[in-house]
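The values are calculated or read from the model by the stated rules, or taken from the named source; none is laboratory data. Predicted, not measured: the structure shown is a model, and the values here were computed from it. A quick note on method: Cβ atoms are made from the backbone with ideal geometry, for glycine too, and the neighbour counts reach across all protein chains shown. Keep in mind that these areas ignore ligands, DNA and RNA; they rest on the heavy atoms of the full protein, side chains included. Shrake-Rupley method; radii C 1.70, N 1.55, O 1.52, S 1.80 Å.
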Amino acid sequence: MDKQRYVIVNGEKIYVTEEVYYAYYRPVWRDAKQRKVRADMECSLDVLKDNGFEAVSDEAPVDEIVWDKLLTDKLYSVMAELTEDERSLIHALYVDGKSERELSKETNIPHPTIHSRKIAILKKIKPLLEKF
């Protein structure tokens, strides 16, 4: 027997399909998990500090390093979802720092085409990044 799923909207239970249930709650669960991970990190660092452990370093705090690593890994996985042409365009604009006009001159692709491709790629990337 399948379990009935529901969401609560304005205090009212609304029965939904399993797909809608997961689509509704997945972002909520992700946010809660991220808050818990951050709180656990802060708590762990605070306990260490309370016990006299001090990080004396010119490097970034550990939690920032971990967060940057998670973001970097996510960016690599999102970039892997793009075609070679899409990756090349994003790399040229955001890594190499070229303007759309510069890229247009280098590739002989009209500036409006470069711009519309960039917008399309960013629309493609956005939902992939929001899953994080």
Lysines with Cα under 23 Å of Lys124, excluding same-chain neighbours fewer than 8 positions away: Lys69, Lys74, Lys98
field: Inter-label distance, nm, simple model (7 Å from Cα along the C-beta direction), Leu122/Lys36
entry: 3.5 nm
message: Given the whole protein assembly as supplied and a 1.4 Å probe, what does the accessible area of Glu64 come to in Å², nearest 10?
response: 90 Å²
field: With DNA, RNA and ligands ignored, accessible area of His115 (1.4 Å probe; Å², nearest 10)
entry: 80 Å²
